[in-house]
1. If the cut-off is a Cα-Cα distance under 20 Å, which lysines reach Lys68, setting aside same-chain residues fewer than 8 apart in sequence?
2. Spelling out what I want: for every residue of the range 127-136, take phi, set θ = phi - 60°, compute 6.51 cos²θ - 1.76 cosθ + 1.60 (Karplus), and round to whole Hz; glycine and proline get x.
3. For Ile146 and Thr167, what does the FRET efficiency come to when R0 = 22 Å and r is the distance between their Cβ atoms, rounded to the nearest 0.05?
4. Which Cα, out of Leu200, Leu65, Pro134, lies furthest along the positive dipole direction of the chain (beta carbon charges, K/R +1, D/E -1)?
5. Cut-off under 17 Å on the C-alpha distance; same-chain residues fewer than 8 positions from Lys92 excluded. Which aspartates and glutamates are left, in chain and number order?
6. If neighbour count is taken as other Cβ atoms inside 10 Å, put Arg171, Arg81 in order from fewest to most.
7. Give me Ser9, Ser139, Ser149 ranked fewest to most by other Cβ atoms within 10 Å of their Cβ, as a rough exposure proxy.
8. Quick check: net charge around Asn177, other residues with Cβ under 10 Å of its Cβ, Lys/Arg +1 and Asp/Glu -1?
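What follows is calculated from the coordinates using simple rules that are stated; it is not laboratory data. Keep in mind the model is a prediction, meaning the values are calculated, not measured. FYI the Cβ positions are ideal-geometry reconstructions off the backbone, even for glycines, and counts take in every protein chain you see.
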Amino acid sequence: MFAQQLSESTEMYLKAIVETSDRNVMAVSRLAERLSVTPVSANEMVHRLGEQGLVEHTPYKGVALTGKGHEAACNILRRQRLWEVFLYEHLKVEWALIYELACSLEHATAPELTEALAAFLGNPQTCPRGNPIPAADGSFKPLDGIPLSEAVVGQNVRVLAVNGTDTQVLRYLQARNLLPGQEVTILEAAPLQGPLSLRLADGKEVALGLSLAEFVLVEKLPVVE
């Protein structure tokens, strides 16, 4: 298990990279956007992370986690997602709020507390947003799905996970019941990057913009004949 003490800002950067791209290269501009910082600030932090051996930065391409950085990032994810489970299942905190609250707890969670929490919860495999919880050794199996924004008209899909982190985004999806386990039929995709028209399992129809649909990971359901 990764044991090095990292600053809160360092942890936020590493987690943002692994949440969005795992081991793939992520553009620094996209990283800045996700963390709501300026590109200059993101570049400065990426440089410092590189000096610590946590990331590799290729100019004009982006930033990727090193093996050391990936281990640290998965350790952060484990803490954060375990707290999500605790907040949602045991404290009955609103689904849309658990990510933000868990983020404030993850930075002050010692390894011993992390493992005690995991044992108390029964070693859950996923968080309430449907995302995998890394094991104590940092390993986890990525979800096999596609963003809802890439589904085609006529497809029937099931929501696997929501990887959005902004509370407003989570509240928006929650209000439309676009949560893990929900079955959805894509009715229409408006032209010129317009919204998707969706029908939920209960027959309710909702519209969702493509930018928001990118936060919803889905799996294709078999065709019922």
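1. Cα-Cα hits under 20 Å: Lys15, Lys141.
2. 8, x, 7, x, 8, x, 9, x, 6, 4
3. Working: r = 25 Å, r/R0 = 1.12.
Once rounded, the FRET efficiency stands at 0.35.
4. After comparing all options, I get Leu200.
5. Partners within reach: Glu84, Glu100.
6. Values: Arg171 14, Arg81 25.
Starting with the residue having the fewest Cβ neighbours, the order is Arg171, Arg81.
7. Working: Ser9 15, Ser139 10, Ser149 18.
Exposure proxy ranking, most exposed first: Ser139, Ser9, Ser149.
8. Details: positive: Arg176, Lys204; negative: Asp202.
With Lys, Arg at +1 and Asp, Glu at -1, the net is +1.
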